[in-house]
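The structure appears right after this line, and notes come after that.
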Amino acid sequence: MPRPRAFLVVGRADWGKSWTLRALTPKWGRVLLCGRAFFVRRMSNDDQPAGFEKFLNALDTSPKAYVVLAYCPERGSPRLLKILQRKFMVFSWVLEHDWYCTDTVSRDEIALLKEQTTKVEVFRLLRRPASMRARALRDFIARHI
């Protein structure tokens with residue numbers, strides 16, 4: 001059996017991570033995506049930091065071999081990524097800009113993701129609706145499952 005895989009939708013607080021995930025799949029929890037059963041968690045570490053780490057520590061890969069998680073790099077820590085690494089191959093799909101194009105994920109944050117995860121893809125298109133971001137995310141997931 002292939003190693004379990006975690007896909008991170010990366011962006012700062014209020015950048016559309018949850019909206020992208022809502023457009024990708026209309027419900028959270030267990031969903032069928034790219035022909036596989038995925039567990040989807042829309043709430044990220046910027047929404048509930050302590051709860052996110054507790055969730056990662058308790059995450060069992062046997063029933064949840066494929067997961068999609070929202071992740072905020074400014075509120076994250078290398079420790080969170082290391083928890084995921086112990087259990088999964090981790091793939092990061094990064095929203096580079098906020099909607100208004102006034103802020104970006106830093107080069108240092110992307111460099112850390114490149115060190116700590118298997119693959120990083122940066123979504124650079126500006127002011128794209130959630131449906132378009134979700135299609136790009138689905139393509140990224142399909143290429144790496």
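Residue check, ASP108 against (1) part of a helix (DSSP H, G or I); (2) acidic (Asp, Glu); (3) in contact (Cβ under 8 Å) with a residue 24 or more places away in the chain, all met but one. Which one?
The single condition ASP108 does not satisfy is (3).
If I ask for residues that are hydrophobic (A, V, I, L, M, F, W, C) and more than 17 Å from MET89 (Cα to Cα), which ones from the range 35-54 would you list? Give the steps one after another, and end with the answer.
Looking only at the range 35-54, we keep the residues that are hydrophobic (A, V, I, L, M, F, W, C), and these are 37-40, 43, 50, 52.
Correct list: MET43, ALA50, PHE52.
Could you list, in sequence order, all residues of the range 23-63 that are hydroxyl-bearing (Ser, Thr, Tyr) and surrounded by fewer than 15 Cβ atoms within 10 Å (Cβ to Cβ)?
Narrowing the range 23-63 to residues hydroxyl-bearing (Ser, Thr, Tyr): 25, 44, 61-62.
Residue satisfying the conditions is SER62 alone.
Cβ-Cβ under 7 Å, sequence separation 6+ or interchain: first residue in the range 124-145 and without any contact (Cβ under 8 Å) to a residue 60 or more places away in the chain and of a type in the set (Asp, Glu), partner buried (at least 17 other Cβ atoms within 10 Å of the Cβ) and part of a loop (DSSP other than H, G, I, E, B). Which pairs?
Close Cβ pairs satisfying both conditions: none exist.
Having 1 or more residues that are without any contact (Cβ under 8 Å) to a residue 40 or more places away in the chain, aromatic (Phe, Trp, Tyr) and under 19 Å from ALA136 (Cα atoms) is the bar; report the strands (runs of 3 or more DSSP E) wholly within the range 1-104 that clear it. Working first, answer last.
On the way: elements: 5-10, 29-33, 36-41, 66-71, 89-95.
Where strands (runs of 3 or more DSSP E) fall fully within the range 1-104 and carry at least 1 residues being without any contact (Cβ under 8 Å) to a residue 40 or more places away in the chain, aromatic (Phe, Trp, Tyr) and under 19 Å from ALA136 (Cα atoms), they are 36-41.
When you go through (1) surrounded by 14 or more Cβ atoms within 10 Å (Cβ to Cβ); (2) under 22 Å from MET89 (Cα atoms) one by one for MET132, which number turns out not to apply?
The failed condition is (2).
If a residue must be farther than 23 Å from ARG124 by Cα, in contact with a helix residue (DSSP H, G or I) (Cβ under 7 Å, 6 or more places away or on another chain) and either of a type in the set (A, V, I, L, M, F, W, C) or crowded, with 22+ Cβ neighbours inside 10 Å (or both), how many such residues does the range 64-106 contain?
3
Each value in this text was obtained by applying a stated rule to the coordinates, not by laboratory testing. No experiment lies behind these values; they were computed from the predicted model shown. Counting neighbours? That spans all protein chains shown, and the Cβs are built from the backbone with ideal geometry, glycine included.
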